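First up is the structure itself, then whatever we jot down about it.
The values are calculated or read from the model by the stated rules, or taken from the named source; none is laboratory data. Source: prediction; values computed, not measured. When we count neighbours, we look across all protein chains shown, and the Cβ atoms used for this are built from the backbone with ideal geometry, even at glycine.
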Amino acid sequence: METSLYRINLGFHAKIALAYFMLAAILGVVLRSFASVPISVNYKFIVHTHSHIALLGWLYLALTTLLYKLYLDNLDLDRGYRKIFWFTQFTLVGMLLTFPFMGYALFSIVFSTLFLFASYWFVWFFIKNIPTSLKKSNAYQCVKFALWYMVLSSLGPWALGGIMNTLGAQSVWYRLAIYFYLHFLYNGWMILALVGILLRVFEIHGVGLSRTLFKSFFWSINLGIILSFFLSTLFAHPPLICNVLGGIGALLQLVAFGVLLRGYAKLNKKPATFFNKFQESLLRTVIVLLIVKMVLQLLTALPYFANLAATLLDFTIGYLHWTFLGVITISLFLFLDYLQLLRISQKAYFLYLFGFILTEILIFYRGIAAWQSFMVFKGYYEMLLVASFLIPIGLGILLGTSGKRK
């Protein structure tokens, strides 16, 4: 066994991830302040910092911490994992010190590239060390594919350099590379990894989906993830076949999660429970948010709604925030609390949830206003700014109370 000198504190890692989230949320407030208060910083540079720290600091770190806890903890691997973790921190701090001041430039690109290598290192480390007893489990199949989707998504950032040097940032291919990255990042890597974490929790408690039910889910979700990428190309007005293929992909994802919900419904009939009431409420919230996310995605297969999503930025921002701040983040809260890596204070969580819902309503409201050609109400931007403050306040309270357990 590892000596105490080399044992890692995964709860501390989870707190670092949450701290990045709070910092990203504060940067989000700064971005919302531009419409109301004169600020002498570069807006685009803050956007780049906000997105990188939210996606790579909070979501990536929280997910990899959960995966290590559930699959590799207590396997004498702490010394190797510590090297990966701190190298990842080096790249994140580097991005924090460069993106706000220079945007996409030499040093920020260097640190972003190093992060990609850190993520590849984690994938190699995880797959290499996974216990043989888990390799054929349903949960691991989801996690393994999720990790490969993360690697696949990184082709987008790799392509950006060549596209900028040859075709320019205004090229359709530049936007396609970004959408390719985002699509396989959240639909592939993040959501499928969360499913793998959920199934692993089930398996630990001796509750697993039947092989037939899992195969139906697994092939539907993976084919759906691949085909639904075509929805991300619709801004370029491709042939109608892209709408059809993207629509089939979105429908397959809905079917897949329908299969999963069917399995979850069967689980509820069993006497043994392993989520407390608060965690159960988090799971139910995620289910509702995920269904709405999938329906919105399916709607964009229709040319009319595809055009709306492509031309009205608020709809795109609202959808991405719904996915990242809603579906994925609340799932992470659930599992971090369940595994006792963080104590999720209910008061702090509900403050965060209120801020999230209120900002989503306001963002979609402005999109609808632009769609239906009416003016937003007076004081809209101030209200959005105040609502945005609730998110980092909730996260700050959550971070301050995360180590205090009853």
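Can you name the helices (runs of 4 or more DSSP H) wholly within the stretch 252-341 that have at least 1 residues being exposed (fewer than 15 other Cβ atoms within 10 Å of the Cβ) and not hydroxyl-bearing (Ser, Thr, Tyr)?
277-299, 303-311, 313-321
Examine the stretch 185-192 for a residue that is out of contact with any Lys or Arg (no Cβ under 6 Å at 6 or more places or on another chain), closer than 26 Å to His52 by Cα and of a type in the set (S, T, N, Q), and state whether such a residue exists.
Yes: one or more hits.
Any idea which of (1) of a type outside the set (Val, Ile, Thr); (2) assigned to a helix (DSSP H, G or I); (3) touching a helix residue (DSSP H, G or I) at 6+ places or on another chain (Cβ under 7 Å) is the one Leu353 doesn't satisfy?
With (1) of a type outside the set (Val, Ile, Thr); (2) assigned to a helix (DSSP H, G or I); (3) touching a helix residue (DSSP H, G or I) at 6+ places or on another chain (Cβ under 7 Å) applied to Leu353, the lone miss is (3).
Kindly provide the set of residues from the stretch 255-300 that are of a type in the set (D, E, K, R) and at pLDDT 95 or above, ordered by number.
Taking the stretch 255-300 and keeping what is of a type in the set (D, E, K, R), we get 262, 266, 269-270, 277, 280, 284, 293.
Matches in the stretch 255-300: Lys293 only.
Name the residues in the stretch 140-171 that are among the small types (Gly, Ala, Ser) and either farther than 25 Å from Ile221 by Cβ or assigned to a helix (DSSP H, G or I) (or both), would you?
Filtering the stretch 140-171 down to residues among the small types (Gly, Ala, Ser) leaves 146, 153-154, 156, 159, 161-162, 168-169, 171.
Those that are among the small types (Gly, Ala, Ser) and either farther than 25 Å from Ile221 by Cβ or assigned to a helix (DSSP H, G or I) (or both): Ala146, Ser153, Gly156, Ala159, Gly161, Gly162, Gly168, Ala169, Ser171.
Given the conditions (1) surrounded by 15 or more Cβ atoms within 10 Å (Cβ to Cβ); (2) on the phi > 0 side of the Ramachandran plot, which single one is not true for Leu92?
Among (1) surrounded by 15 or more Cβ atoms within 10 Å (Cβ to Cβ); (2) on the phi > 0 side of the Ramachandran plot, Leu92 violates only (2).
With the checklist (1) within 26 Å of the chain's Cα centre (by Cα); (2) at pLDDT 90 or above; (3) of a type outside the set (S, T, N, Q); (4) not in a helix (DSSP H, G or I) in hand, flag the one item Pro238 doesn't pass.
With (1) within 26 Å of the chain's Cα centre (by Cα); (2) at pLDDT 90 or above; (3) of a type outside the set (S, T, N, Q); (4) not in a helix (DSSP H, G or I) applied to Pro238, the lone miss is (1).
When the stretch 172-214 is examined, which residues are found to be of a type in the set (Val, Ile, Thr) and either farther than 30 Å from Gln340 by Cα or part of a loop (DSSP other than H, G, I, E, B) (or both)?
Within the stretch 172-214, the first condition is being of a type in the set (Val, Ile, Thr), and the residues that meet it are 172, 178, 191, 195, 197, 201, 204, 207, 212.
Scanning the stretch 172-214 gives Val172, Ile178, Val207, Thr212.
So Pro131 fits all but one of (1) surrounded by 14 or more Cβ atoms within 10 Å (Cβ to Cβ); (2) over 19 Å from the mean Cα position of the chain (by Cα); what number is the exception?
That leaves (1) as the condition not met.
Please work out which one of (1) surrounded by fewer than 15 Cβ atoms within 10 Å (Cβ to Cβ); (2) among the aliphatic types (A, V, I, L, M); (3) over 28 Å from Ile330 (Cβ atoms) is the condition Ala35 fails and give its number.
Going through the list (1) surrounded by fewer than 15 Cβ atoms within 10 Å (Cβ to Cβ); (2) among the aliphatic types (A, V, I, L, M); (3) over 28 Å from Ile330 (Cβ atoms), Ala35 breaks only (3).
Would you confirm whether or not the stretch 202-222 contains a residue that is free of Cβ contacts under 8 Å to residues at least 24 places away in the same chain and within 21 Å of the chain's Cα centre (by Cα)?
For the stretch 202-222, residues free of Cβ contacts under 8 Å to residues at least 24 places away in the same chain and within 21 Å of the chain's Cα centre (by Cα): absent.
Could you grab me the full set of residues in the stretch 114-134 that are without any contact (Cβ under 8 Å) to a residue 40 or more places away in the chain and among the hydroxyl-bearing types (Ser, Thr, Tyr)?
Tyr120, Thr132, Ser133
Name the residues in the stretch 75-113 that are closer than 24 Å to Val143 by Cβ, free of Cβ contacts under 8 Å to residues at least 40 places away in the same chain and not charged (D, E, K, R), would you?
Of the residues in the stretch 75-113, the ones closer than 24 Å to Val143 by Cβ are 75-89, 91-92.
Now restrict to residues that are free of Cβ contacts under 8 Å to residues at least 40 places away in the same chain: 83, 86-88, 91.
Across the stretch 75-113, the qualifying residues are Trp86, Phe87, Thr88, Thr91.
Cβ contacts < 6 Å: first residue touching a residue at least 60 places away in the same chain (Cβ under 8 Å), restricted to the stretch 313-340; second residue part of a helix (DSSP H, G or I) and of a type in the set (Ser, Thr, Tyr), any location; separation 6+ or different chain. Result?
These pairs meet every condition: Thr323/Tyr186.
Inspect the stretch 51-63 for any residue being surrounded by fewer than 19 Cβ atoms within 10 Å (Cβ to Cβ), among the hydroxyl-bearing types (Ser, Thr, Tyr) and under 20 Å from the mean Cα position of the chain (by Cα) and give the result as yes or no.
Scanning the stretch 51-63, I find at least one residue that is surrounded by fewer than 19 Cβ atoms within 10 Å (Cβ to Cβ), among the hydroxyl-bearing types (Ser, Thr, Tyr) and under 20 Å from the mean Cα position of the chain (by Cα), so the answer is yes.
So how many residues does the stretch 10-36 have that are over 19 Å from the mean Cα position of the chain (by Cα), free of Cβ contacts under 8 Å to residues at least 40 places away in the same chain and within 21 Å of Glu382 (Cα to Cα)?
Residues in the stretch 10-36 being over 19 Å from the mean Cα position of the chain (by Cα), free of Cβ contacts under 8 Å to residues at least 40 places away in the same chain and within 21 Å of Glu382 (Cα to Cα): 3 in total.
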